[in-house]
Amino acid sequence: MKYKSPRGTRDIFGETALGLSLLEQKAKEIFIRHGFEEVRTPIFEDAALFTRSIGQTTDIVEKEMYVFEDRKGRKLALRPEGTVSLARAFIEHRMDISSPAGKFFYSGEMFRYERPQAGRYRQFRQIGAEIYANSSPAADAEIIILAQDVLSSFGIDKINIHINSLGCEKCRPLFREALVNYFSSVEDLCQDCVRRLERNPLRLLDCKVDSCKFTDFPKISNYRCSDCKDNFDTVRLLLKKANCNFTVNDKLVRGLDYYTRTVFEVRSDAVVSQDALAAGGRYDNLVKEIGGQNTPAVGFALGAERVFLAAQSAGFFENFKSPENFFVAIADQELFGEAFAFAVKATRDGINGNKDISVFGPINGKSLTNQLKFADKIQAAKTIVFAKTEFENGKVLVKNMKDKTQIEVELNNL
Ligand code: AMP
């Protein structure tokens, strides 16, 4: 084979494609019910937009972005996530000034140069939602509950919601300093952690290699200022009131620098991938950071591929039967036009009023035996045969492909 889809990408057919569309459609219904409005942004942006907001020292910016130059030498990047693009659009359309409060959702392809594995791709789909200009902890709780509701609508109920609060610009520097002091005394740090220690010490906490070595590490809970503490207390209280179960995880830091205060991840033991199904948090400084008016915001994104795997193992797609296949065949070649017209009508109006069907055929120039073989191949439930004698009496033959029985039916009754 000369050409293959690039590593980390894939061609999606049949049930998987249908399943992914179904997830998207269901999520949209829930977002709309919660008052969110859809936004579509370009899949590439000025590369500096991501570098600036996600953070120079994050894995995404350091190792995973697809950056390229266009013909005029502009440095662009395929979007690695959706939050930043939406914030850019929010500012560009002056919404930070004219209508700062808004609830938005998106669904689209994201691109990260990561090591592919089950549920992890270089091109993947995120479905996400964001609440703008709402600094209330109730918005944090709403986003977490929304993530839970979307997953639960796919039959994914066995989830663990991990939450943490990373503090704000007042208290986080003190925590950061304590972390640097602590990590400097830990021996045998992995190469990534040695680098992170200088540039982004919070990230050491969720290092997959070293994390288990950190037992006595400084806890953010001891460093939060009183505002951040009150804020986190309220988020937890509201989640409890709404019967949303969660675990406080003081190692949860997330891989993007724009987060302030609440961060969360939704994990599930049921999926092949150890990575989170969905994740998000508050980012009160992002809009200002990239040139807009001060606009606090909070949001989340789920990875459609991972959620698809989880929904599949929860048996979600078993409730959705694909439509029955019908095949239109001809016993006599001169009836091709009639059969063709019938097939067109059947795709528009259904057969016997049933529109939940897929119609195949007719095929000309093939013997009836060969046509029926094709009908078996596509697992047709029924084949409608146009045959001369019956057709002259206004009838067709309807063949049940399972038990191979056949009846005559008035064409007008189909
Ligand atoms: P993040 O934007 O890193 O906060 O990730 C949010 C969600 O997107 C994760 O919880 C995953 O479900 C999904 N995700 C992130 N990276 C990938 C990837 N390379 N392949 C598939 N899904 C991903």
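Annotations
- Positions within the range 327-346 being under 16 Å from Ala375 (Cα atoms) and either in contact (Cβ under 8 Å) with a residue 24 or more places away in the chain or not assigned by TED's automatic domain parsing to the domain that holds Val396 (or both), in sequence order: Phe327, Val328, Ala329, Ile330, Ala331, Ala339
- Verdict on Arg254 being at pLDDT 95 or above and either buried (at least 18 other Cβ atoms within 10 Å of the Cβ) or not assigned by TED's automatic domain parsing to the domain that holds Pro116 (or both): no
- Of all residues in the range 266-319, those satisfying the criterion of being acidic (Asp, Glu) and more than 10 Å from the ligand (Cβ to nearest atom) are Asp269, Asp284, Glu289, Glu318.
- Where helices (runs of 4 or more DSSP H) fall wholly inside the range 319-402, the ranges with 1 or more residues that are β-branched (Val, Ile, Thr) and under 35 Å from the mean Cα position of the chain (by Cα) are 336-349.
- Residue that is surrounded by the most Cβ atoms within 10 Å (Cβ to Cβ), among those in the range 91-106 that are touching a residue at least 12 places away in the same chain (Cβ under 8 Å) and assigned to a loop (DSSP other than H, G, I, E, B): Pro100
- Taking each residue of the range 1-15 that is more than 20 Å from Phe308 (Cα to Cα) and looking for partners that are acidic (Asp, Glu) with beta-carbon atoms closer than 8 Å, six or more apart or interchain, yields Ser5/Asp11.
- Test result for Phe36, in the same structural domain as Tyr258 (by TED's automatic domain parsing), among the hydrophobic types (A, V, I, L, M, F, W, C), in contact with a strand residue (DSSP E or B) (Cβ under 6 Å, 6 or more places away or on another chain) and closer than 28 Å to Pro201 by Cα: no
- Here the condition is being out of contact with any strand residue (DSSP E or B) (no Cβ under 9 Å at 6 or more places or on another chain), basic (Lys, Arg) and either within 10 Å of the ligand (Cβ to nearest atom) or in a strand (DSSP E or B) (or both); of Arg125, Arg115, it holds for Arg115 alone.
- Conditions (1) surrounded by fewer than 12 Cβ atoms within 10 Å (Cβ to Cβ); (2) more than 12 Å from the ligand (Cβ to nearest atom); (3) over 26 Å from Phe316 (Cβ atoms); number of the one not met by Ile43: (1)
- Residue match in the range 256-271 (condition: in contact with an Asp or Glu (Cβ under 6 Å, 6 or more places away or on another chain) and closer than 23 Å to Asn222 by Cα): yes
The values are calculated or read from the model by the stated rules, or taken from the named source; none is laboratory data. Every value quoted in this text rests on a predicted model; they were computed, and no experiment measured them. Positions of Cβ are backbone-derived with ideal geometry, glycine not excepted, and every protein chain shown enters the neighbour counts.
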